[in-house]
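Okay, so here's the structure we're looking at.
The values are calculated or read from the model by the stated rules, or taken from the named source; none is laboratory data. Predicted model, so just to flag it, every value in this text is computed and none were measured. Note that we place each Cβ from the backbone using ideal geometry, even for glycine, and neighbour counts take in every protein chain shown.
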């Protein structure tokens, strides 16, 4: 139902085909958070995967690094209409952490320091699609961007890439996380503009 | 606790009033015939379309709330921006564009409705509310303060607005009216560059001590809403934690991008 807005000409003609619909290139790195930024020290940081049968697998900071850090170059898309192309991260693929996890669950709930949660299908965080990111653009990840470690799931809107991540809980049934309860789409594919429900 | 808010969708909006708000910002009153109403604190997406079909979409906070079809925005011109200069400098009364909303179910506040029983102070009733804004971040907080005033809600509410100069204050006359009309609402300003004549307080970048001096103390367990630039929100929210506020009671909205 789009129609012309009198007087608007716009500037972004050289649209990049890596930009999903409704998105604009951001030069800076905006922040979307529901509350204050938690302070988490890597000395005390832990990451736990809990399976549907209650088995817990836990990594401390060194254990995470030992699981194998790799370089990731990817585009990221925020539901608030900005995207960044070709961003450079370093992180540990979730595949490496799931090597020792036995599960038949279909979904995960990511939990963060500070209480934030977000839900994801398990199959969308495996096979090279998701990382625990620890560096951005050659520097340790800033706290306001989720440091010391955030989830990086770049094929979904960026609220799914939970900041200050502390663990994943495997779920047999899908449940909405924090923003999903407060109006954001349950899945969040930027190419389908799955922004809100 | 998820607040009940109207379902979001696309709507056609017509500009019915456009007036200067500050030297860099403009107030737009929209008529949106199909608007389902919105809760105080919510935002919407504006989509504008060029003759060749090119579209640009940006999010803006809503300064009004309730079931009506009049929607009030106040838009600050971002230098070098693509959409905000158009909305501030070009749009005329009668122009139409599309809006998607209302959006956001977390950064919202609901007044005690008239006739609703007011719990006594000892009960687990409504919590006092502290609103803190940097510059144009006051827009969604204006909606909250106005909803509080319209409902004659007795819940204590305070608003601290940090602005560069008195001319940069959004909705200052409306907020002053609300403060005069309700003993439960108190309005405080902080000036970072220049204060009005007769001002005896501090002028300069907002400090933790200034915040401590005027906000509802942590001991009263207020709900706190902070809105402004990322830097402003990060600073203020970290001070609130240092001052003993519960992180879970602090709701933030950060402006970012263009």
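Answer yes or no as to whether residue A:128 is surrounded by fewer than 22 Cβ atoms within 10 Å (Cβ to Cβ) and within 16 Å of residue A:48 (Cα to Cα).
no
Considering only residues that are without any contact (Cβ under 8 Å) to a residue 40 or more places away in the chain and surrounded by fewer than 18 Cβ atoms within 10 Å (Cβ to Cβ), look in the stretch B:58-88 and name the one that is nearest to residue A:22 (Cα to Cα).
Here the answer is B:85.
Quickly run through the stretch B:214-230 and pick out the residues that are more than 14 Å from residue B:133 (Cβ to Cβ) and either over 17 Å from the mean Cα position of the chain (by Cα) or more than 12 Å from chain A (Cβ to nearest Cβ) (or both).
Once the filter is applied, which keeps residues that are more than 14 Å from residue B:133 (Cβ to Cβ) and either over 17 Å from the mean Cα position of the chain (by Cα) or more than 12 Å from chain A (Cβ to nearest Cβ) (or both), the stretch B:214-230 yields B:216, B:217, B:218, B:219, B:220, B:221, B:222.
Give me a count of the residues in the stretch B:219-236 that are surrounded by fewer than 24 Cβ atoms within 10 Å (Cβ to Cβ) and assigned to a helix (DSSP H, G or I).
Count: 7.
Test each condition in (1) in contact with a helix residue (DSSP H, G or I) (Cβ under 9 Å, 6 or more places away or on another chain); (2) surrounded by 18 or more Cβ atoms within 10 Å (Cβ to Cβ); (3) modelled with pLDDT of 95 or more for residue A:22 and report the one that comes out false.
The one condition residue A:22 does not meet is (3).
For the stretch A:98-112, which positions are surrounded by 21 or more Cβ atoms within 10 Å (Cβ to Cβ) and either within 14 Å of chain B (Cβ to nearest Cβ) or not in a strand (DSSP E or B) (or both)?
A:112 - this is the single residue of the stretch A:98-112 that is surrounded by 21 or more Cβ atoms within 10 Å (Cβ to Cβ) and either within 14 Å of chain B (Cβ to nearest Cβ) or not in a strand (DSSP E or B) (or both).
Taking residue A:118 and the conditions (1) in contact with a strand residue (DSSP E or B) (Cβ under 8 Å, 6 or more places away or on another chain); (2) assigned to a loop (DSSP other than H, G, I, E, B); (3) crowded, with 18+ Cβ neighbours inside 10 Å, which numbered condition does it fall short on, given that it satisfies the others?
Failed condition: (2).
Kindly indicate whether residue A:12 is on the phi > 0 side of the Ramachandran plot and modelled with pLDDT under 95.
no
Please specify each residue of the stretch B:190-218 satisfying the condition of being in a strand (DSSP E or B) and either touching a helix residue (DSSP H, G or I) at 6+ places or on another chain (Cβ under 8 Å) or not assigned by TED's automatic domain parsing to the domain that holds residue B:153 (or both).
Correct list: B:190, B:191.
So in the stretch A:9-49, with the set limited to residues that are in a strand (DSSP E or B) and within 18 Å of the chain's Cα centre (by Cα), which one is farthest from residue A:180 (Cα to Cα)?
Here the residue is A:46.
Going through A:131, A:89, A:82 one at a time, which residue ends up being at pLDDT below 95 and touching a strand residue (DSSP E or B) at 6+ places or on another chain (Cβ under 7 Å)?
A:82 is the lone residue from the list that is at pLDDT below 95 and touching a strand residue (DSSP E or B) at 6+ places or on another chain (Cβ under 7 Å).
With (1) part of a helix (DSSP H, G or I); (2) farther than 15 Å from residue B:107 by Cβ as the list, and residue B:245 as the residue in question, which single condition is left unmet?
(1)
Looking only at strands (runs of 3 or more DSSP E) that fall completely inside the stretch B:17-117, which ones have 1 or more residues that are more than 10 Å from every other protein chain (Cβ to nearest Cβ) and either touching a helix residue (DSSP H, G or I) at 6+ places or on another chain (Cβ under 7 Å) or more than 26 Å from residue B:228 (Cβ to Cβ) (or both)?
B:25-31, B:55-61, B:70-76
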